[in-house]
Every structure is written in structure tokens, then in C-alpha cells.
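Each remark here refers to the structure printed beneath this line.
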Amino acid sequence: MISRCLIVFLCILVSSLSAEIVEHPFPEQLEWSGQWIGLDVERDAEYAPPVYLAKTFKVEGAIKEAIFYVSGLGIFDPYLNGERITESWFSPGWTDYNKRVYYRAFDLSDSVQQGDNVLGAILADGWYSGHIGWTKFKRNHYGTKPRFNGVLVLEMTDGTQQVVSTDDTWQGRTGPQAYASFLRGERYDARLDSTAWSVEENAGSAWRSVDTGSEMTPLIQPHPSPRIITFAELPALSVDMREAGHHIFDFGQNFAGVVRLNLANTKAGQEIKIRYAERLKDDGEMYVENLRSAEATDYYICKGGASESWTPRFTFHGFQYVEVSGVTEAPDLGLVTGLAISNDTRKVYAFESDHPLLNQLVSNIYWTQRANFISIPTDCPQRDERLGWTGDAQAFVGTAAYICDVRQFFNKWLTDLRDSQFENGQIPMVAPAKVVNRPGGPGWSDAMTIVPWELYERYGDRSILEDNYEAMRKYVDFLVTQSRPGLLPPEKFHSFGDWLNHKADTPRDVIYQSYFAYSASLVARSAEVLQRPEDVVKYTQLAEAVRASFVEAHVDSEGKIYGKNNKGKRAGDTQTCYVMAIAFDLLQGEALAQAKLHLVRKLEERDGLLSTGFLGTRDLLHALSLSGRDDLAYGLLLEQRYPSWLFPVTHGATSIWERWDGWTPERGFQAISMNSFSHYAYGAVYEWMVQRVGGIYPTASGFTEYTIAPVLPPDIRDENAMLKQVSFSFDSPVGLIRSEWKQIDGDTVDFVVEAPAAGQGVFRVDVPTAARIEIDGEPAAIVDDVYTQPLVAGVNRFRLVYD
Ligand code: BGC
């Protein structure tokens, strides 16, 4: 029997409890008693309504503690007595549901009341059975029966315990949402969210016993990753009232999330339609073609009244603009509020300079990271894709960890990555492995070695390597077994190449062996950390052997790097060839010296412009620094011509574009088949900025030892220098590190660096012969044109004075 409380639960849908997620492992002495429950309602390709699940229970006696443990196959919002328990989104997130699913725990000690209570959940398809990937309306990737699973454990003050679990005594029904899908959007009829929820008024017809049992039996484990939150609310900055009765709002920022509608004077049954877009077309209309089959449209059917408000809960979109139609009054800016969502990864960076375009670039990197860190690191948040592309993740992880604290977020994804590893050790294109469960190939599959290693270096947490070592080793062993004699690539293998390069295709075999050698070397380094001496020897030798094979196969007598293109013809000599060879340490002696010169030559051939794609771009500036050409790296960083990082910024970008030419004045938008304006891969440049411009990098894992070695731009003495002032801060694992420099005048540059109490930092800067370092007006000792100084905790000041 469903009691009055249930009616209350159903009536007050908009408020939410203050219950917070608690780090509460499920009690060891208890068995997880929750059953998988759902409601097997009619579904077709387009229509699958979220369902409401509820159970009344009685409490008598004083409660000491009440913890609600919840999990699901699908996504859900948990409720108690008509109030949503949490503001966080899309629990329990995306995993390989065949293998594992996570639970979260909520402390309801202050919310459970004496007498009747109603526990509940709204359950939607999410990643489990909703639309994901690009096949129009392809859904049910894991199953057709979303499920919820929960256990409420009540500890009473008298020492007794009461447990309320999901089981066949729960009741279910559909509600105001006709459907809710990540790609399609959400349709909500508010007329159904009040009286229609009353069991009495509907003569109980809508409620029935839930269906139990699940299509799979995953492990239920504590959630390792931070929850997904609304991390920012954005007001609309402007509205364009279009003639046709639709209004386009601009939030001034590309982000992922939804909008909250704030309506006034509505009529019952009035339909409000919200469309989402990243850009506008020349005619001012929404550019939605790049969303491909993602409909990305929400509908709200009004209840009618003086005011009403609605926020979709089971979908999200990637956008800067929304188009609202169906309002009768001229809208004001308050009609919509943008809710930007992302995993709760703490922001650890601050950047400012006197170069507004550069400031905007870094802001774009931050926003693109947040927009794509929603349960897993995705390629993009807007079109019918949103997958955990391995190549994108490995290219960006180094930057991501300088922007936010992503340790737990990526740790969780590494579990997804291991879960996706093929029997033979190969790693797929995406993790969780859905939609394209195929070998990733060089630069993509290598996420398996690169991501754990980068995280270990940044956070100094050995357990990251412990957890992943077997998978890393297995992947590299797989590369060995599939090689041709001489550690050459197999005859056939998949490769995306240097994806989205600018007319400079790097041969697949060159990429293959570069990444092979690099991955082998990372396994060797990991083995060293984990004290596995035999493996250190084995993988060090392997890395050396692959390097030797690389040199023999690809480096000619002039040090030029060639391989074979897809037609089997000799090709190569691209910027990316040399970037990989230098950054992955593939060459030595004369060959290395030549590669550095060739990289410079390749830039000159392009009139100083880059030609790299996803793989080459990550390390392009690092490779130039390693070549002693920071001047060229600065040139590329501050370049505004196409292709460059600042080119999109000069055209109003508020995020990182998938392609160098997502939009150009000459050609307009790129092909709609692939034109995301929120793809982080090219944002990987921030790592170089922090490490060279700010000079902050670890010399021991986890920043227990670190260096601050800023490198000044070549024209720093000019009055019109391109960059005269920067400030970087980074909240590292040992505390806040800050690095600033500023040109005071043509003869003076001031450095201010801040060191935390923990960790051992060293400041280092090159000092030209005709210059000196002063501390409090006193000259300091310079050795071999370098000034080096261990840092004391707090603020340290140095002045570079040119004679
Ligand atoms: C994705 C990428 C991904 C690529 C593979 C695209 O569709 O958006 O970012 O890495 O496919 O080449």
C-alpha cells in the first residue's frame, strides 16, 4: 500500500535535501541486500520514459545514523520524502556495466523522520540503455532494462538496526518525462507532476509492482571518482529576439550542461522548446548541423501559472547558445540560466598575462576540459559521439592535471580502460568499450601506458602504477607479439595517424614504432618505481631495440625520417616525425642533432606555422624547447595566423576546437560530419606553458622535488615585447606553487616565485653574459650563465638586470 507520504514525495519534485555524499563504505558485516528493480515499460527506438520507483517504510525510535547506499544500471536521482537527496548528476556514471557498477552513500540521518517515510528514485536510461555514439537512435548498448539498487541502513540509538532495500515490494510508474536521453534531450510535461502523481486521484492505476532482476550482475563497488556537479551557473549575456518567435540567448561561453527555465505567466499545456548550439550561422540562426543525429532539444509543457521553473535532469548538451521558442511574452535575460556540469575536480590553476588572447586561450582550455570531464574523459560533449577516446585522453592528461585535480577522475577511467583491454593485451579506441570496440592503434592504445605514468609523475602515488602495471606490461607485450621480425610493425594494423594534422600526414609505421618505443620505456620506468629489476632490464632493452629498429627503418643518412604511406610509397619528413623522435627520446648523437634541425626546417617550410595533428601537437613545443628553440615555441604559441592556437581565439572561440579550421573567414564552417567546438586535444599546449613559460615542473614524482625555471620570450627586452608579464599558480600535491615574471623595463625583469612549505623547490634561470641576478639589490653568483637557487617556503624574489 502506498501511503500519503508517497503523494508528498511525488508532489514536491523541485526541492532537494541537503544530504551530502559521504565516504561511507558499505558495512562489512552486512550483505548488499538490494535487488535490482525497475519498471519494464514499453520502449521503442525513440521513446523510453524514465520511471519513478518508491517504497514506504516506517521508523519508530531514535535514529543514530541513516546511510542510503545507491547504485543503478542507468542513471538516477534518489529521493526521500519527496525531496531529491542530491544535486549531483547522472549517478552512478558510466562503467562497463557487465563488469562493475559503483555505489554512492548519502547520509540521511537528519532527514529520515519518525513514522512514515518514502524512499524513491527516478531512473532514466543514461549510458546503460540510452542513445550513445553516432548511430542515429541506436540505444540499448548494455541492455533494455534500466535498474536501480539501493540499501538504506538505519542504526538506532538503542543499538538495533533497520535495513530498507530495493525489492519486489517497491512500486513504480512513469511520470512527467516522456523521454530523457543524452543525445535527444528531455521532454517533461509539468501537468503530470502534481495531482497526477496522487495515487488516490488516479485510483492507483498508474502504480504497480516493480520488475526485479537485472540483465547483468556487475560487481557493486564504492565510487572512486568525484561526483558530477553543477560547477558554475551562467547568466545569459544577450538575447536576440528573432522574428519567427524564437529567441536566441548567448551565454558567452561554450560549456556542457543544461539550462534552468524560469517562466512567468504561463498557460497550462503551453509548450516551450529549447535547442542548443555551439555557434551561430551568418544569418544569426543556430548552427546545429555539427550535432549530427543528436537532436539536443528539450521540451517543457507548462503547468500554467504566475511562475514556474524547470531544469532537465537526465540529459546534457554542449553549447554556448540556446534558442527558446514557445514563450508568449518578450523574454528577458533571466528566462534561462546556464548550468555548467562536470565532475567535481578541484581547479588547481590560475593564469594571467598581459596578452588577452593568451588569457582567453587558457580559459578555453579550462572550459573544454570541464565540458568533457563528465563521468569519463570524452572527445566532445555536443554531437552524437561523446565517447572515451583513448588518444584524446593520453594527449591531454598532462595538461588536465595542471588545470584540475584529476587524480581520482582518471584513476576511475583507468579502471574503465583496463576493463576494456582485449584478451590479447590490445587496447581499444574508446573506454568504456562501446560503439567502436576495436583496436585503438598507435597513439590511442598507448593511453594504457601514458595515462598511468603521467598521473604517477604528477601525484607521486605509487598505487596508480601498482594498479595498472599488469595492463601496461600486457599491452606492450602484445605489441611485441604482433611485430614482424626486427620489431617492425605488423603488415596490417589500424592507425588514425596524426589525426587532423594540417596537410602533413605522418606515416603510420613511423607513428607505430615511435609509440611502441615510448610505451616500452614507460613500462621500464614503472618497473623501476615498483622495484621489479628483471622487468626493468627487459623493457629497457626492448625500448632500446625498438629505437634501434626505428632508426634503421626510418632515419636516412641526412637524419630525415621517412616511412611508408597508405599506398606503400615512401613518405614522411613531417613536423610530427621529428616531434615524436625528439620528445620520445628515440635518437642519439648526430641523428638527434639532425632531427632538431629538420624540425626547424619543417617549420620554416610552412612559414613558421605548425602542421601537427592530435599526436604531434601535444609535444611540438616541448620538442622545440628540447631543440634549444624556445624562441620558435614562443612564436608558435603567440601565432595568430591559421593554423595556430590563437587563430580560433581571434574569431571569438570560448573553447578549444576539434579542428584548426573549425571555422575560417574564407570558408566558413568545416564539414558538418566532424566539427566540434569542444575538443580538448589541442589544448594540450598548456602543459608546455606551465613548464616552460612558468617553468614549473616536477623533478621527483608528486612534486616532492620540483624546479621553477621560467624561460623568457626572445624579445623580452623590447618595449613592444609580445608577452611582458605572466603569472602561473599551480596547487600541486605539496601545496601552492606560483611563478611570475614581469618586464619592468628593457633592462629589468622581475621574478616572483612562491614555494609551499612541503617539497623542495629550486629556482633556475638562464642569465646572459651581459646580465646579472640581483636579490635585494645585491648581485648573486652565476655559474655557467645559469642562476640556481633552492627556494625557501613563501615568496622569493629575483631581479634579472641586463647591463
Ligand atoms: C573523435 C576523436 C577521436 C577520433 C579518432 C573522432 O570522431 O571525435 O576525437 O580521437 O575520432 O580518430
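The values are calculated or read from the model by the stated rules, or taken from the named source; none is laboratory data. These numbers were taken from a predicted model, which means no experiment stands behind them. Every residue, glycine as well, gets a Cβ built from its backbone with ideal geometry; the counts of neighbours run over all protein chains shown.
A few comments on the model shown:
- Selection from the range 381-410 of residues that are near the ligand (Cβ under 9 Å from one of its atoms) and of a type in the set (Phe, Trp, Tyr): Trp389
- Filter result for Ser519 (buried (at least 22 other Cβ atoms within 10 Å of the Cβ) and small (Gly, Ala, Ser)): yes
- Number of residues in the range 586-627 that are away from the ligand (no atom under 16 Å from the Cβ), hydrophobic (A, V, I, L, M, F, W, C) and part of a helix (DSSP H, G or I) equals 13.
- Residue list for the range 634-645, filter: assigned to a helix (DSSP H, G or I) and within 26 Å of the chain's Cα centre (by Cα): Leu636, Leu637, Leu638
- Residues in the range 655-685 that are surrounded by fewer than 24 Cβ atoms within 10 Å (Cβ to Cβ), among the small types (Gly, Ala, Ser) and within 10 Å of the ligand (Cβ to nearest atom): 1 in all.
- Candidate set: the range 364-380, residues that are outside any helix (DSSP H, G or I) and away from the ligand (no atom under 11 Å from the Cβ); chosen: the one nearest to the chain's Cα centre (by Cα): Phe373
Residues are listed down the side, and each one gets a yes or a no for (1) of a type in the set (Asp, Glu); (2) in contact with a Leu (Cβ under 7 Å, 6 or more places away or on another chain); (3) part of a loop (DSSP other than H, G, I, E, B):
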residue	(1), (2), (3)
Arg738	no, no, no
Gln743	no, no, no
Val762	no, yes, no
Glu774	yes, no, no
Val795	no, no, no
Val801	no, no, no
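- Exactly one residue among Tyr787, Tyr802 is free of Cβ contacts under 8 Å to residues at least 60 places away in the same chain, surrounded by 13 or more Cβ atoms within 10 Å (Cβ to Cβ), over 25 Å from Cys404 (Cα atoms) and not basic (Lys, Arg), and that residue is Tyr787.
- Of the strands (runs of 3 or more DSSP E) that lie entirely inside the range 282-360, those containing 3 or more residues that are surrounded by 23 or more Cβ atoms within 10 Å (Cβ to Cβ) span 317-325, 336-343.
- Sub-8 Å Cβ pairs linking a first residue in the range 224-243 that is over 30 Å from Ser91 (Cβ atoms) and at pLDDT below 95 to a second residue that is small (Gly, Ala, Ser) and loosely packed, with under 14 Cβ neighbours inside 10 Å, at least 6 apart or interchain, are Asp240/Gly284; Met241/Ala330; Arg242/Gly284, ordered by first then second residue.
- Taking the range 505-563 as the range and being charged (D, E, K, R) and in a helix (DSSP H, G or I) as the test, the residues that pass are Arg508, Asp509, Arg525, Glu528, Glu534, Asp535, Lys538, Glu544, Arg547, Glu552.
- First in the range 654-671 and within 17 Å of Arg383 (Cα to Cα), second anywhere and within 13 Å of the ligand (Cβ to nearest atom) and not in a loop (DSSP other than H, G, I, E, B), Cβ under 6 Å, 6 or more apart: Ser655/Thr368; Ile656/Thr368; Ile656/Tyr682; Ile656/Gly683
- Test: residue in the range 47-64 that is among the charged types (D, E, K, R), under 25 Å from Gly159 (Cβ atoms), part of a loop (DSSP other than H, G, I, E, B) and modelled with pLDDT under 95: yes
- The range 129-170, subset more than 34 Å from the chain's Cα centre (by Cα) and surrounded by 24 or more Cβ atoms within 10 Å (Cβ to Cβ), residue modelled with the lowest pLDDT: Trp170
- Subset of the range 472-489 (residues that are buried (at least 19 other Cβ atoms within 10 Å of the Cβ) and not in a loop (DSSP other than H, G, I, E, B)): Met472, Arg473, Lys474, Tyr475, Val476, Phe478, Leu479, Leu487
- Single residue of the range 490-507 satisfying the filter (more than 15 Å from the ligand (Cβ to nearest atom) and either acidic (Asp, Glu) or buried (at least 16 other Cβ atoms within 10 Å of the Cβ) (or both)) that is farthest from Lys564 (Cα to Cα): His502
- Some residue of the range 439-451 being more than 16 Å from the ligand (Cβ to nearest atom), at pLDDT 95 or above and out of contact with any Lys or Arg (no Cβ under 8 Å at 6 or more places or on another chain): yes
- Residues that are among the hydroxyl-bearing types (Ser, Thr, Tyr), touching a Pro at 6+ places or on another chain (Cβ under 7 Å) and under 15 Å from Glu385 (Cα atoms) number at least 2 in none of the strands (runs of 3 or more DSSP E) confined to the range 114-167.
- Given (1) among the β-branched types (Val, Ile, Thr); (2) closer than 30 Å to Pro452 by Cβ; (3) assigned to a loop (DSSP other than H, G, I, E, B), index of the condition Thr707 fails: (3)
- Number of the condition not met by Ser729 [criteria: (1) away from the ligand (no atom under 16 Å from the Cβ); (2) at pLDDT 95 or above; (3) out of contact with any helix residue (DSSP H, G or I) (no Cβ under 6 Å at 6 or more places or on another chain); (4) part of a loop (DSSP other than H, G, I, E, B)]: (4)
- Residue within the range 419-431 that is without any contact (Cβ under 8 Å) to a residue 40 or more places away in the chain and touching a Lys or Arg at 6+ places or on another chain (Cβ under 7 Å) present: yes
- Which numbered condition Thr654 fails, given (1) in a helix (DSSP H, G or I); (2) in contact with a Phe, Trp or Tyr (Cβ under 7 Å, 6 or more places away or on another chain); (3) not acidic (Asp, Glu): (1)
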